[in-house]
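Enquirer: Sharing a structure with you now.
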Amino acid sequence: MTPRTALAAATALALLGATACRSTPTPTPTPAGRNAGNQGGGQPGARAGGDSAAAGGSQGAPNPRPYARVVTKEAKTRDGLFKTHLVGNRLLFEIPDSALGHDMLLVTQIAKTTLGVGYGGQAVDNRVVRWERRGNRVLLRSVSYNIVADTGAPVYQAVSAANYSPIMAAFNVEAYGPDSAAVIDVSRLFTNPPSEFSPTDRIRGQVDASRSFVERVASFPTNVETEATVTINVPRPQGQNGGGGGGRGNNNDVQPGAASVLMHYSMVRLPDTPMMPRLADERVGFFTVRQIDFSRPEQRAETRTYITRYRLECSDQRVGELCVPKKPITYYVDPATPTRWVPWVKKGIESWQKAFEAAGFSQGIVAKEAPSVEEDPDWSPEDARYSVVRWLPSTIENAVGPHIHDPRSGEIIEADVQFYHNVMNLNRDWYWTQVGAVDPRAATLPLPDSLMGRLVQYVVAHEVGHTLGLQHNMKASSMYPVDSLRSRTWLEKMGHTPTLMDYSRFNYVVQPEDSIPPELLIPRIGPYDDFIIMWGYKPIPNASTPDAERSTLDRWVRMQDTLPWLRFSTADAAGADPGELTEAVGDEDAVQATTLGLKNIKRLVPMLIPATVRPLENYDDLRELYGRLVGQWATEMRHVAAVVGGESSRENYQDVRFTPIPKARQQEAMHFLAENAFATPEYFLRPEILRRIEPAGAIERINNAQTGILNTLLSDSRLNRLVEQEALAERPSDAYTAGAMLTDLRNAVWGELDDRNVRIDPYRRALQRSYLRLIDTKLNPPPRPANAPAPRGPAAPSGPTDARALLRGELKLLDGELREAIARTSDRTTRLHLEDARLEIARILDPSND
């Protein structure tokens with residue numbers, strides 16, 4: 001899930017995400033100044049004054065020398081935003097007065113790395129900076145836009161006093177140029193950067209200056225690009241012994257010793273006139289920047305929230321009713337991209353052209369291949385003038401779409417989609433486990449290139465959506481009727497999800513008899529995507545201020561009243577609304593959708609061996625796909641569990657936002673789970689598969705999946721919602737109470753106790769032990785270690801609820817049923833299991849007897 005808003009500051013602070021944007025976070029730290037798929041960002045604290053020596057500042061008193069003695073004939077000089085000179089190992093900046101005091105965006109990225117230390121294209125930091133001169137010294141300050149005020153308002157003085165820009169580095173003036181431009185030695189700013197943008201924030205250790213040096217520098221009219229090799233001494237962890245090790249590391253292991261990274265620093269002058277910002281609206285899903293404006297007339301400090309978007313302006317040219325942009329949004333394809341996937345990456349980028357047509361632009365977004373070295377020797381994918389889809393040689397199964405923006409206005413300056421190589425493997429597995437039963441092309445692995453290319457296109461398009469400013473939207477897809485998802489006419493017009501920004505992967509609701517063309521199984525740009533791009537990018541000609549746009553923007557949002565699939569995720573609804581599910585198709589009715597999905601899963605089990613077993617190859621693919629098929633089963637079952645204690649929601653400004661799911665639907669969901677989730681899924685237990693992949697493990701695998709479903713139903717927040725739904729119901733009989741749910745759950749898990757001759761199989765015994773263990777953790781939670789970090793995320797509602805008493809009552813009732821059932825079993829293992837369960841209940845109810 002992505003947060004609704006993110007704090008924007010001098011570092012262009014925002015979010016980093018993941019994303020194919022998977023729900024598991026990417027294992028790299030969040031850089032400041034980025035917006036992306038699914039993670040929150042935070043601002044690293046800048047230290048006032050900085051460390052002059054470590055940050056590249058000269059030591060001793062300033063002593064300017066003659067220009068020719070500093071910028072010698074050996075200097076390699078480039079002119080641009082300001083002049084740069086490489087003199088041996090020294091890098092000099094010649095900064096004229098015209099470049100002082102202007103906002104510049106400093107973007108720090110990794111270009112190349114030592115194996116195990118991140119990947120090229122990953123961000124380290126982004127922040128707004130200014131160069132200032134004080135006598136014979138030049139200062140580099142970090143500038144914040146967290147709090148603002150009109151310069152003519154009296155309160156501006158207080159805001160300015162509370163927002164004093166910290167000094168990251170200070171430099172002695174080495175010489176003055178012919179036009180009085182200050183020449184400073186900035187070498188160590190890049191070879192041993194200050195903590196605010198140092199790679200040591202990512203790689204723990206100390207920079208070794210003797211093995212760090214500037215590699216290249218290039219200056220252009222609006223930006224300066226610098227690359228430097230930075231070598232870091234990585235200490236051996238305390239207690240680690242020397243000697244060889246046979247273990248195999250992963251992509252994020254940093255071994256003791258030295259790590260060298262090629263850092264790319266891009267300094268870009270921000271527009272002198274910021275783009276007019278567009279006010280955000282919680283009913284639509286853009287990433288945002290926030291400013292506290294103290295000069296507004298409201299009787300409080302007002303937070304102004306603006307969307308992040310590219311500056312897209314109409315030229316005088318037109319194509320029919322569409323305008324041609326002055327400068328289209330342009331994405332470059334990383335030259336490191338495997339050749340066979342390049343056309344699909346370009347298709348993923350340009351698939352958004354349709355949405356920009358809804359905003360009134362022809363060719364509003366275009367894809368280009370990166371120029372060759374011969375065509376442009378200075379072109380670099382790290383150059384902050386270019387948005388690039390980067391291909392990373394990683395076994396991580398993920399992709400993310402961060403972007404960098406101007407914190408003054410939300411204008412997106414550039415973006416870098418990071419496409420990890422093994423996201424192809426993830427999509428292969430998702431595709432096979434979800435729609436392999438209805439697409440003949442997936443019958444045998446590997447998938448054909450034409451299909452994998454289409455999946456690459458899908459992932460790229462999703463991540464590009466994030467870089468255009470779009471958040472995830474899990475809500476809109478629940479507005480499509482499930483039956484429509486099996487209609488070819490509907491799918492051709494609407495797709496199976498209204499938005500590519502949902503985690504609604506492939507249409508597992510479709511059945512073989514529906515005869516749906518395989519192309520319609522994959523998400524594409526949908527009606528919500530057209531709507532959201534129109535809402536964020538369409539010009540409003542007669543409005544000259546953000547406030548003047550509000551009436552038009554509100555009128556556009558009200559299209560959601562009649563077209564519900566244009567709705568966006570509701571703030572505070574995650575975990576409560578079964579219409580906000582991830583990895584879900586047809587979540588308008590999870591029971592119906594999962595019933596259909598379950599049919600396809602059952603069809604796929606006998607297809608596993610033909611799809612994966614090949615001569616001269618082991619069973620790795622069989623093991624992987626079998627595990628992920630069980631995982632798909634568990635995911636779909638959790639979609640049904642989410643209905644219990646659920647609340648349907650709609651983000652709006654006029655009416656109630658949350659409404660309890662009707663009692664009958666919650667009861668239907670519990671009945672479905674009893675019949676399908678807690679009954680042993682025997683169709684998975686095929687010896688010809690299991691005996692190929694493992695000597696044992698089937699019981700544990702099924703139990704882990706079922707325990708996850710149990711845990712979903714017994715979550716504190718769900719139990720609290722059930723209690724509150726009963727409390728707020730007009731009539732008690734209208735609510736599906738927590739007590740009724742727990743009774744239904746007990747009967748589903750321990751149903752054999754009613755049999756005349758009680759006999760319980762190993763899978764159900766494992767499920768029943770998990771049931772007792774989960775209740776034990778709720779009634780007798782382990783003490784939190786004194787040094788444990790505080791729990792992350794929203795806390796469950798505090799204060800007394802009925803859940804504890806109800807759980808104790810369930811155990812007492814269960815104990816009586818167990819006592820009676822023991823007398824009705826002739827199976828020794830079952831009897832011992834039931835006796836052990838009674839002992840466990842006694843311990844849970846009175847831990848002092850342990």
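The values are calculated or read from the model by the stated rules, or taken from the named source; none is laboratory data. Everything numeric in this text was worked out from a predicted model, so none of it was measured. Note: ideal-geometry Cβ built from the backbone for every residue, glycine included; neighbour counts use all protein chains shown. The protein model used for the area step is the full one, side chains on, heavy atoms only, and it has no ligands, DNA or RNA in it. Shrake-Rupley method; radii C 1.70, N 1.55, O 1.52, S 1.80 Å.
Enquirer: Suppose we keep only residues that are out of contact with any helix residue (DSSP H, G or I) (no Cβ under 6 Å at 6 or more places or on another chain) and small (Gly, Ala, Ser) within region 811-841. Which one would you say is least open to solvent (accessible area, probe 1.4 Å)?
Expert: Step by step, filter region 811-841, then rank; the result is GLY816.
Enquirer: Looking at LYS368, is it charged (D, E, K, R) and in contact with a Phe, Trp or Tyr (Cβ under 7 Å, 6 or more places away or on another chain)?
Expert: Yes: the conditions hold for LYS368.
Enquirer: So ALA443 clears everything in (1) at pLDDT 95 or above; (2) more than 21 Å from THR582 (Cβ to Cβ) except one condition, right? Which one?
Expert: Tallying (1) at pLDDT 95 or above; (2) more than 21 Å from THR582 (Cβ to Cβ), ALA443 fails exactly one: (1).
Enquirer: Now for a separate question. What about ALA158, is it surrounded by fewer than 18 Cβ atoms within 10 Å (Cβ to Cβ), in a loop (DSSP other than H, G, I, E, B) and out of contact with any Gly (no Cβ under 6 Å at 6 or more places or on another chain)?
Expert: Criteria not met by ALA158.
Enquirer: Okay, next question. Counting only residues that are assigned to a helix (DSSP H, G or I), over 30 Å from ASP827 (Cβ atoms) and polar (S, T, N, Q), which one in region 711-729 is most open to solvent (accessible area, probe 1.4 Å)? Steps first, answer last, please.
Expert: From region 711-729, those assigned to a helix (DSSP H, G or I) are 711-713, 716-728; that's our starting set.
If we keep only those that are over 30 Å from ASP827 (Cβ atoms) as well, we get 712, 716-728.
If we keep only those that are polar (S, T, N, Q) too, we end up with 712, 717, 720, 725.
Working: THR712: 30, SER717: 49, ASN720: 23, GLN725: 18 Å².
Going through the qualifying residues, I end up with SER717.
Enquirer: Hey, another quick one. In the list ARG385, ARG428, ARG390, which residue meets the criterion of being out of contact with any Cys (no Cβ under 8 Å at 6 or more places or on another chain), in a loop (DSSP other than H, G, I, E, B) and within 21 Å of VAL345 (Cα to Cα)?
Expert: Sole residue among the options that is out of contact with any Cys (no Cβ under 8 Å at 6 or more places or on another chain), in a loop (DSSP other than H, G, I, E, B) and within 21 Å of VAL345 (Cα to Cα): ARG385.
Enquirer: I'd like the full set of residues that are open to solvent by 40 Å² or more (accessible area, probe 1.4 Å), outside any strand (DSSP E or B) and within 24 Å of SER450 (Cβ to Cβ), limited to region 339-376.
Expert: THR339, ARG340, PRO343, TRP344, LYS346, LYS347, GLU350, LYS354
Okay, residues lined up against (1) closer than 21 Å to THR444 by Cβ; (2) more than 34 Å from the chain's Cα centre (by Cα):
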| residue | (1), (2) |
| --- | --- |
| MET607 | yes, no |
| LEU622 | yes, no |
| GLU636 | no, no |
| ARG657 | no, no |
| ARG686 | yes, yes |
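Enquirer: Contact list please: Cβ distance under 7 Å, first residue in region 176-202 and closer than 19 Å to ALA123 by Cβ, second residue of a type in the set (Asp, Glu), pairs at least six apart or on different chains.
Expert: The qualifying pairs are PRO194/ASP51; SER195/ASP201; GLU196/ASP125; PHE197/ASP125.
Enquirer: Name every residue in region 730-760 that is touching a Pro at 6+ places or on another chain (Cβ under 9 Å) and not in a helix (DSSP H, G or I), in order of residue number.
Expert: Result: ALA735, TYR736.
Enquirer: With the requirement that a residue be open to solvent by 60 Å² or more (accessible area, probe 1.4 Å) and not in a helix (DSSP H, G or I), what does region 622-674 give you?
Expert: ARG650, TYR653, GLN654, ASP655, VAL656, ARG657, PHE658, THR659, PRO660, PRO662
Enquirer: Mind listing just one residue for me: the one in region 436-453 that is small (Gly, Ala, Ser) and under 29 Å from the mean Cα position of the chain (by Cα) and, of those, surrounded by the fewest Cβ atoms within 10 Å (Cβ to Cβ)? So that I can check it myself, show each step before the final result.
Expert: Initial filter on region 436-453 (small (Gly, Ala, Ser)): 436-437, 442-443, 450, 453.
Next, from what is left, pick out any that are under 29 Å from the mean Cα position of the chain (by Cα): 436, 442, 450, 453.
Working: GLY436: 28, ALA442: 24, SER450: 9, GLY453: 20.
So the residue we want is SER450.
Enquirer: In region 457-493, what count of residues is obtained for those that are assigned to a helix (DSSP H, G or I) and within 18 Å of the chain's Cα centre (by Cα)? Explain how you work it out, then say what you get.
Expert: Restricting attention to region 457-493, the residues satisfying the condition of being assigned to a helix (DSSP H, G or I) are 457-467, 476-479, 482-486, 488-493.
Checking which are within 18 Å of the chain's Cα centre (by Cα) leaves us with 458-467.
Of the residues in region 457-493, 10 are assigned to a helix (DSSP H, G or I) and within 18 Å of the chain's Cα centre (by Cα).
Enquirer: State which residue is modelled with the highest pLDDT when the search covers only region 302-337 and only residues that are assigned to a strand (DSSP E or B) and basic (Lys, Arg). Can you show your working first?
Expert: First, the residues of region 302-337 that are assigned to a strand (DSSP E or B): 302-307, 309, 314-319, 322-325, 329-333.
If we keep only those that are basic (Lys, Arg) as well, we get 304, 309, 318.
Values: ARG304: 90, ARG309: 98, ARG318: 95.
That would be ARG309.
Enquirer: Under 7 Å between Cβ atoms, at least 6 apart or on separate chains: pull out the pairs that start in region 825-836 with a residue that is more than 18 Å from SER770 (Cβ to Cβ) and end on any residue that is modelled with pLDDT of 95 or more and charged (D, E, K, R).
Expert: Short answer, once both residue conditions are applied: THR825/ARG759; THR825/ARG831; ASP827/ARG759.
Enquirer: Being closer than 25 Å to LYS599 by Cβ and assigned to a loop (DSSP other than H, G, I, E, B) is the filter here, so list the residues in region 494-507 that pass it. Write out each step before concluding.
Expert: First, pick out the residues of region 494-507 that are closer than 25 Å to LYS599 by Cβ: 494-498, 502-507.
The answer is GLY495, HIS496, THR497, PRO498, ASP502, TYR503, SER504, ARG505, PHE506, ASN507.
Enquirer: Please go through region 135-155 and pick out each residue that is over 12 Å from ASP293 (Cβ atoms), part of a strand (DSSP E or B) and open to solvent by less than 60 Å² (accessible area, probe 1.4 Å).
Expert: VAL138, LEU139, LEU140, ARG141, SER142
Enquirer: So ALA399 passes all but one of these: (1) over 21 Å from the mean Cα position of the chain (by Cα); (2) surrounded by 23 or more Cβ atoms within 10 Å (Cβ to Cβ). Which condition number does it fail?
Expert: (1) is the only condition that ALA399 fails.
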